[in-house]
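Report on the following structure.
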Amino acid sequence: MKISVLSLFPEAFTGFLNTSMVARALQKGALDVKLDDIRTYSRDKHHQTDDYPYGGFAGMVATPQPLWDAIKANLKEGPAPVIYFTPQGRRLSQKILLDYATEAHVILICGHYKEIDQRIRRLAVSDEISLGDFVLSGGELAAQVFIDGVARLQTGVLSDITSAHSDSFYHGMLGFPCYTRPEVFMGQTVPEVLRGGNHGKIEEWANAQAKLLTKTRRPDLL
């Protein structure tokens, strides 16, 4: 899977791409991430990428030309959905990550300033995604969340892909509680059913716990 990241601050991804599952995905060739600096596409002599908004509103708006040229340049490498991270987008979910994890190429726009010019959203953006009901300084963190989410779904990245199948939201519910050794810690004991070795009962317990946790904390999922 190839991911083209359009950002004014590509250096924000340096440590991220060299850590944990994302680094493993890159090393195995399951993921190819290209960082493209939007500023290099500016035709302004000062490489400016923002301007004052029409209407006299506060803040600055990302100018359309650098973004337009950056998107066109990356589309030359093959057709791809263009995702813009914005609080106005649909809420990121495991289903969205699963859908995009099968794409051959995805282009991510990391916005800055108050907004990007609306015409780019109309002409080039195919999907708008939000992390939640809050505002960040830019789209880099959102892009990293997206990349991490799809990276672990690529073939060969996780040592055991079935682990992902029991994650929260994979089957529309929260995940079940997990335990490891020691059997007793601070007076708390691992549930007997998990120590019994009866896989049928263990699966029933896991499903029941997941449903209970979902009903208690995220009833909207049921």
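A few remarks follow.
Quick grid of which residues meet (1) polar (S, T, N, Q); (2) modelled with pLDDT under 95:
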residue: 139; (1), (2): no, no
residue: 143; (1), (2): no, no
residue: 146; (1), (2): no, no
residue: 159; (1), (2): yes, yes
residue: 176; (1), (2): no, yes
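- Within region 200-222, restricting attention to residues that are under 27 Å from the mean Cα position of the chain (by Cα), among the charged types (D, E, K, R) and part of a helix (DSSP H, G or I), the residue that is nearest to residue 91 (Cα to Cα) is 220.
- Complete set of residues in region 175-194 that are assigned to a helix (DSSP H, G or I) and within 35 Å of the chain's Cα centre (by Cα): 194
- Selection status of residue 97, within 30 Å of residue 159 (Cα to Cα) and either assigned to a helix (DSSP H, G or I) or out of contact with any helix residue (DSSP H, G or I) (no Cβ under 6 Å at 6 or more places or on another chain) (or both): yes
- Verdict on residue 154 being under 18 Å from residue 91 (Cα atoms), polar (S, T, N, Q), at pLDDT 95 or above and surrounded by 14 or more Cβ atoms within 10 Å (Cβ to Cβ): no
- Checked against the criterion of being of a type outside the set (S, T, N, Q), within 24 Å of residue 169 (Cα to Cα) and in a helix (DSSP H, G or I), region 24-45 has at least one qualifying residue.
- From 197, 156, 172, residue being outside the structural domain of residue 16 (by TED's automatic domain parsing), farther than 30 Å from residue 104 by Cα and in a loop (DSSP other than H, G, I, E, B): 197
- Condition check for residue 132: loosely packed, with under 11 Cβ neighbours inside 10 Å, under 14 Å from the mean Cα position of the chain (by Cα) and not hydrophobic (A, V, I, L, M, F, W, C): yes
- Every pair of residues 6+ apart whose Cβ atoms lie under 8 Å, when the first sits in region 60-78 and is among the β-branched types (Val, Ile, Thr) while the second is assigned to a helix (DSSP H, G or I) and surrounded by 15 or more Cβ atoms within 10 Å (Cβ to Cβ): 71/120
- Search result, residues across region 47-93 that are in a loop (DSSP other than H, G, I, E, B), among the hydrophobic types (A, V, I, L, M, F, W, C) and touching a Lys or Arg at 6+ places or on another chain (Cβ under 7 Å): 60
- Taken as a whole, the structure leaves residue 175 outside the set of residues that are in contact (Cβ under 8 Å) with a residue 60 or more places away in the chain, surrounded by 12 or more Cβ atoms within 10 Å (Cβ to Cβ) and not acidic (Asp, Glu).
- Given (1) under 26 Å from residue 15 (Cα atoms); (2) surrounded by 15 or more Cβ atoms within 10 Å (Cβ to Cβ), number of the condition residue 77 does not satisfy: (2)
The values are calculated or read from the model by the stated rules, or taken from the named source; none is laboratory data. This one's a predicted model, so the numbers in the text were calculated from it and none came from an experiment. Heads up, the Cβs are rebuilt from the backbone with ideal geometry, glycines too, and the neighbour counts pull from every protein chain shown.
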